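Presented below is the structure to which this report refers.
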C-alpha cells in the first residue's frame with residue numbers, strides 16, 4: 001500500500017553538483033509528474049509523462065532532466081545544481097480521469 | 001493559457017465561524033477543478049473534486065462556470081482545518097495540474 005514513494009526526503013547539495021530524485025509508484029498509473037513548491041508561488045510543473053518512453057516539459061523545466069523507462073519509475077535529475085533550485089519537490093501519479101496522488105516531498109537545499 | 005488565482009495568501013477565521021476560500025480560473029475548454037490540502041510538512045491530499053460533488057470534512061465547493069470560480073466553503077470552522085489549501089485545475093486527462101498560489105488558513109481557537 002505504498003502509493004507514491006520519493007527518495008531522498010532531505011538533501012543538501014553544493015552548487016554545481018548533480019543528483020537524482022527518485023520517484024516510484026505501485027498503482028500501475030500511466031501518468032507521472034514532478035512539481036516544485038516555493039513560498040508564494042504554489043506548485044509549478046517541471047516535467048510530466050503520459051507513459052513509459054514519453055516525457056514532456058512543464059512550466060519550469062530548465063535545469064532538470066527526466067526519463068521514463070518503466071511505468072513505475074520517474075526520476076528527476078538536476079544536472080548542475082543552483083541555489084535557485086532550493087525547493088520542495090513533489091512527485092505525483094494518476095491514471096486517466098482519476099485522482100492525482102502525491103508523494104511525501106523531497107526537501108532540497110543548494111548551497 | 002490556463003491559470004488559477006487564489007487572491008488570499010493568508011486567512012484567519014475564528015473557530016465555529018464560516019470559512020470561504022476563493023478560487024478563480026481561466027481555461028479554454030472544460031477543466032476539471034480540485035481542492036488539495038496540505039497539513040504542516042506533509043504531502044498534498046485531495047480534498048474535493050468538482051465532478052464528484054462530495055462533501056469532505058464538512059467542506060463543499062461548487063463550480064460556477066459563469067463566474068469561472070470554484071470557491072471552497074465550510075459552515076463552521078474547526079481547529080484541525082488549519083492548513084495550506086490549493087486550488088488546481090486539469091484538462092480531461094488529469095495527467096497534470098495547474099495550481100494556484102495557495103491560501104494558508106488559520107483557525108483561531
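If you take the residues in the stretch A:10-32 that are exposed (fewer than 11 other Cβ atoms within 10 Å of the Cβ) and assigned to a loop (DSSP other than H, G, I, E, B), which one is nearest to the other protein chains (Cβ to nearest Cβ)? It would help to see each step written out before you state the result.
The first filter runs over the stretch A:10-32 and keeps only residues exposed (fewer than 11 other Cβ atoms within 10 Å of the Cβ), leaving A:10, A:14, A:16, A:28.
Filter once more, so that each one left must be assigned to a loop (DSSP other than H, G, I, E, B): A:14, A:16, A:28.
Numbers: A:14: 24, A:16: 28, A:28: 15 Å.
Out of the qualifying residues, it is A:28.
Among (1) farther than 22 Å from residue A:48 by Cα; (2) touching a helix residue (DSSP H, G or I) at 6+ places or on another chain (Cβ under 9 Å), there is one condition residue B:78 misses while meeting the rest; what is its number?
(2)
Just one of A:46, A:100 is surrounded by 20 or more Cβ atoms within 10 Å (Cβ to Cβ) and modelled with pLDDT under 95; which is it?
Values: A:46 fails: modelled with pLDDT under 95.
Answer to the check: A:100.
Taking the stretch A:71-87 on its own, how many of its residues are farther than 24 Å from residue B:92 by Cα, part of a loop (DSSP other than H, G, I, E, B) and either within 12 Å of another protein chain (Cβ to nearest Cβ) or at pLDDT 95 or above (or both)? Give the steps one after another, and end with the answer.
Filtering the stretch A:71-87 for residues farther than 24 Å from residue B:92 by Cα gives A:75-87.
Within this subset, residues satisfying the condition of being part of a loop (DSSP other than H, G, I, E, B) are A:75, A:79-82, A:86.
Restricting the remaining residues to those that are either within 12 Å of another protein chain (Cβ to nearest Cβ) or at pLDDT 95 or above (or both) gives A:75, A:80-82, A:86.
Adding up the residues that qualify gives 5.
Mind counting the residues in the stretch A:33-43 that are in a strand (DSSP E or B) and within 9 Å of chain B (Cβ to nearest Cβ)?
Going through the stretch A:33-43, the residues in a strand (DSSP E or B) turn out to be A:33-38, A:42-43.
So of that shortlist, the ones also within 9 Å of chain B (Cβ to nearest Cβ) come out as A:33, A:35, A:37, A:42-43.
The number of residues fulfilling the criteria is 5.
Going through the stretch A:62-78 one residue at a time, which ones are surrounded by fewer than 18 Cβ atoms within 10 Å (Cβ to Cβ), more than 19 Å from residue A:27 (Cβ to Cβ) and touching a strand residue (DSSP E or B) at 6+ places or on another chain (Cβ under 6 Å)?
The answer is A:65, A:77.
Just the residues that are away from chain A (no Cβ under 12 Å), farther than 24 Å from residue A:36 by Cα and surrounded by fewer than 15 Cβ atoms within 10 Å (Cβ to Cβ), please, taken from the stretch B:26-53.
B:28, B:29, B:30, B:53
Here are the criteria: (1) within 27 Å of residue A:97 (Cβ to Cβ); (2) modelled with pLDDT under 90; (3) touching a strand residue (DSSP E or B) at 6+ places or on another chain (Cβ under 9 Å). Tell me which single one residue B:41 does not satisfy.
Going through the list (1) within 27 Å of residue A:97 (Cβ to Cβ); (2) modelled with pLDDT under 90; (3) touching a strand residue (DSSP E or B) at 6+ places or on another chain (Cβ under 9 Å), residue B:41 breaks only (1).
Quick test for you: out of B:63, B:72, B:11, B:105, pick the one residue that is in contact with a helix residue (DSSP H, G or I) (Cβ under 8 Å, 6 or more places away or on another chain), away from chain A (no Cβ under 14 Å) and over 21 Å from residue A:90 (Cα atoms). Lay out the reasoning, then the answer.
Numbers: B:63 fails: in contact with a helix residue (DSSP H, G or I) (Cβ under 8 Å, 6 or more places away or on another chain); B:72 fails: in contact with a helix residue (DSSP H, G or I) (Cβ under 8 Å, 6 or more places away or on another chain); B:11 fails: in contact with a helix residue (DSSP H, G or I) (Cβ under 8 Å, 6 or more places away or on another chain).
Testing whether each residue is in contact with a helix residue (DSSP H, G or I) (Cβ under 8 Å, 6 or more places away or on another chain), away from chain A (no Cβ under 14 Å) and over 21 Å from residue A:90 (Cα atoms) leaves just B:105.
Can you name the residue in the stretch A:59-70 that is within 14 Å of another protein chain (Cβ to nearest Cβ) and at pLDDT 95 or above and, of all such residues, is farthest from residue A:107 (Cα to Cα)? Don't jump to the end; show me each part of the working.
Of the residues in the stretch A:59-70, the ones within 14 Å of another protein chain (Cβ to nearest Cβ) are A:59-61, A:66, A:68.
Then keep just the ones that are at pLDDT 95 or above; that gives A:60-61, A:66, A:68.
Values: A:60: 17, A:61: 18, A:66: 18, A:68: 22 Å.
Filtering first and then ranking leaves A:68.
Name every residue in the stretch A:88-104 that is over 10 Å from the mean Cα position of the chain (by Cα) and in a loop (DSSP other than H, G, I, E, B), in order of residue number.
Once the filter is applied, which keeps residues that are over 10 Å from the mean Cα position of the chain (by Cα) and in a loop (DSSP other than H, G, I, E, B), the stretch A:88-104 yields A:95, A:96, A:97, A:98, A:99, A:100, A:104.
Scan the stretch B:81-102 residue by residue and report those that are more than 10 Å from chain A (Cβ to nearest Cβ) and either at pLDDT 95 or above or crowded, with 21+ Cβ neighbours inside 10 Å (or both).
The initial filter retains those residues of the stretch B:81-102 that are more than 10 Å from chain A (Cβ to nearest Cβ), namely B:81-83, B:85, B:89, B:91.
Across the stretch B:81-102, the qualifying residues are B:81, B:82, B:83, B:85, B:89.
Is there a residue in the stretch A:88-96 that is over 26 Å from residue B:100 (Cβ atoms) and more than 9 Å from chain B (Cβ to nearest Cβ)? Give the steps one after another, and end with the answer.
The first filter runs over the stretch A:88-96 and keeps only residues over 26 Å from residue B:100 (Cβ atoms), leaving none.
Checked against the condition, which is being over 26 Å from residue B:100 (Cβ atoms) and more than 9 Å from chain B (Cβ to nearest Cβ), the stretch A:88-96 yields no hits at all.
How many residues does the stretch A:50-61 hold that are under 25 Å from residue B:102 (Cβ atoms) and in a strand (DSSP E or B)?
At the first step, the residues of the stretch A:50-61 found to be under 25 Å from residue B:102 (Cβ atoms) are A:56-61.
Right, trim to in a strand (DSSP E or B) and you get A:56-57.
Selection size over the stretch A:50-61: 2.
Given (1) in a loop (DSSP other than H, G, I, E, B); (2) more than 8 Å from chain B (Cβ to nearest Cβ), where does residue A:108 come up short, assuming only one miss?
Failed condition: (1).
The values are calculated or read from the model by the stated rules, or taken from the named source; none is laboratory data. These numbers were taken from a predicted model, which means no experiment stands behind them. All Cβ positions, even for glycine, are placed from backbone atoms using ideal geometry, and neighbour counts span all protein chains on display.
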